[in-house]
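The values are calculated or read from the model by the stated rules, or taken from the named source; none is laboratory data. Computed from a predicted structure; not experimentally measured. As a convention, Cβ positions derive from the backbone with ideal geometry for all residues, glycine included, and neighbour counts pool all protein chains shown.
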């Protein structure tokens with residue numbers, strides 16, 4: 001299925017409590033070389049047809065304006081799987 | 001004076017907001033999120049709760065609802081709008097107010113009677129308070145930590161747009177102890193604590209005088225009615 005994948009991460013300087021809790025559990029489980037974990041979001045936009053350049057532009061716009069909040073998050077990637 | 005209260009899927013405090021409007025002397029008008037007809041109301045309250053289950057980000061989907069789009073349009077023309085808790089999150093996600101609200105610093109949901117200082121009594125929703133008046137209204141949130149860029153915080157402070165500040169205890173890690181904000185014009189106000197839960201003796205926070213006698217929230221709604229009469 002053709003899709004556009006939007007990846008969003010919490011800003012670097014922002015506390016990511018979810019990532020911190022997971023990191024603690026990993027280290028406790030013996031993975032002591034893992035120095036940190038950050039958890040973001042992967043959002044897939046599905047299409048029943050081929051993805052066009054226009055779709056990608058619109059996805060980038062929505063990623064910036066709706067799917068993420070630029071006060072707290074960064075859009076790190078918008079990619080296509082056709 | 002008719003004050004609309006929008007109900008989104010997952011809203012909790014719409015009925016309490018309607019009751020507060022009634023007790024203040026106004027006529028509450030229930031509004032539905034999917035309906036872009038605001039029924040010619042004179043002001044709007046965005047109530048607390050968990051609109052759309054807090055999916056994506058708190059308030060983000062509600063900010064795109066047909067009723068909210070109308071509110072954004074009218075707010076820019078001066079319609080008084082009060083966003084309480086989740087409603088504050090909707091205002092921030094709608095870009096009617098700047099910044100963002102993130103998970104409480106201590107990671108816990110918090111519910112307490114919260115002391116606030118009224119920093120700005122020139123807004124549509126605070127004009128009956130004294131400047132620097134100290135009030136107590138309930139606070140209950142999981143994602144109430146206010147953050148913004150340093151430039152935005154500086155601008156908010158310089159333009160006197162911080163309307164309420166937490167006193168004695170910062171319950172969620174908000175920058176500069178910010179509990180509530182207004183827009184440039186003073187018609188849009190958003191805050192995390194809940195004025196609609198402190199409007200009737202017997203059901204409000206405890207005061208020095210008697211238990212559950214606190215009604216500091218009532219002035220929010222009376223202020224809006226006064227602002228409407230004067231406009």
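The table below gives the values:
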| item | result |
| --- | --- |
| Condition met for residue B:176 (touching a helix residue (DSSP H, G or I) at 6+ places or on another chain (Cβ under 7 Å), assigned to a loop (DSSP other than H, G, I, E, B), more than 25 Å from residue B:44 (Cα to Cα) and at pLDDT 95 or above) | no |
| Residue B:210 away from chain A (no Cβ under 14 Å), modelled with pLDDT under 95 and closer than 17 Å to residue B:43 by Cα | no |
| Residue B:160 vs. criteria out of contact with any helix residue (DSSP H, G or I) (no Cβ under 6 Å at 6 or more places or on another chain) and surrounded by 21 or more Cβ atoms within 10 Å (Cβ to Cβ) | no |
| Wholly within region B:105-167, strands (runs of 3 or more DSSP E) carrying at least 1 residues that are within 14 Å of chain A (Cβ to nearest Cβ) and more than 15 Å from the chain's Cα centre (by Cα) | B:145-147 |
| Selection within region B:115-139 - in contact (Cβ under 8 Å) with a residue 60 or more places away in the chain and over 16 Å from residue B:176 (Cβ atoms) | B:122, B:123, B:124, B:125, B:126, B:127, B:128, B:129, B:135, B:136, B:137, B:138 |
| Test result for residue B:10, within 15 Å of the chain's Cα centre (by Cα) and more than 14 Å from chain A (Cβ to nearest Cβ) | no |
| Residues located in region A:1-21, provided they are surrounded by 11 or more Cβ atoms within 10 Å (Cβ to Cβ) and either part of a loop (DSSP other than H, G, I, E, B) or modelled with pLDDT of 95 or more (or both) | A:2, A:3, A:4, A:5, A:6, A:7, A:8, A:9, A:11, A:14, A:15, A:16 |
| For residue B:67: the one exception among (1) in contact (Cβ under 8 Å) with a residue 60 or more places away in the chain; (2) more than 10 Å from chain A (Cβ to nearest Cβ); (3) closer than 25 Å to residue B:132 by Cα | (3) |
| Those residues of region A:27-82 which are touching a residue at least 24 places away in the same chain (Cβ under 8 Å), farther than 29 Å from residue B:97 by Cβ, within 14 Å of the chain's Cα centre (by Cα) and assigned to a loop (DSSP other than H, G, I, E, B), in sequence order | none |
| All positions within region B:184-223 that are touching a strand residue (DSSP E or B) at 6+ places or on another chain (Cβ under 8 Å) and surrounded by fewer than 21 Cβ atoms within 10 Å (Cβ to Cβ) | B:206, B:207 |
| Hits in region A:33-61 - residues which are out of contact with any strand residue (DSSP E or B) (no Cβ under 6 Å at 6 or more places or on another chain), within 26 Å of residue B:144 (Cα to Cα) and within 14 Å of chain B (Cβ to nearest Cβ) | A:39 |
| Those residues of region A:62-71 which are at the interface with chain B (Cβ under 8 Å from one of its Cβ atoms) and buried (at least 17 other Cβ atoms within 10 Å of the Cβ), in sequence order | A:67, A:69, A:71 |
| All positions within region B:40-56 that are surrounded by fewer than 24 Cβ atoms within 10 Å (Cβ to Cβ) and away from chain A (no Cβ under 14 Å) | B:40, B:41, B:42, B:49, B:50, B:53 |
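Residues are listed down the side, and each one gets a yes or a no for (1) more than 14 Å from chain A (Cβ to nearest Cβ); (2) in a loop (DSSP other than H, G, I, E, B); (3) touching a strand residue (DSSP E or B) at 6+ places or on another chain (Cβ under 9 Å):
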| position | (1), (2), (3) |
| --- | --- |
| B:28 | yes, no, yes |
| B:38 | yes, yes, yes |
| B:58 | no, yes, yes |
| B:82 | yes, no, yes |
| B:89 | no, no, yes |
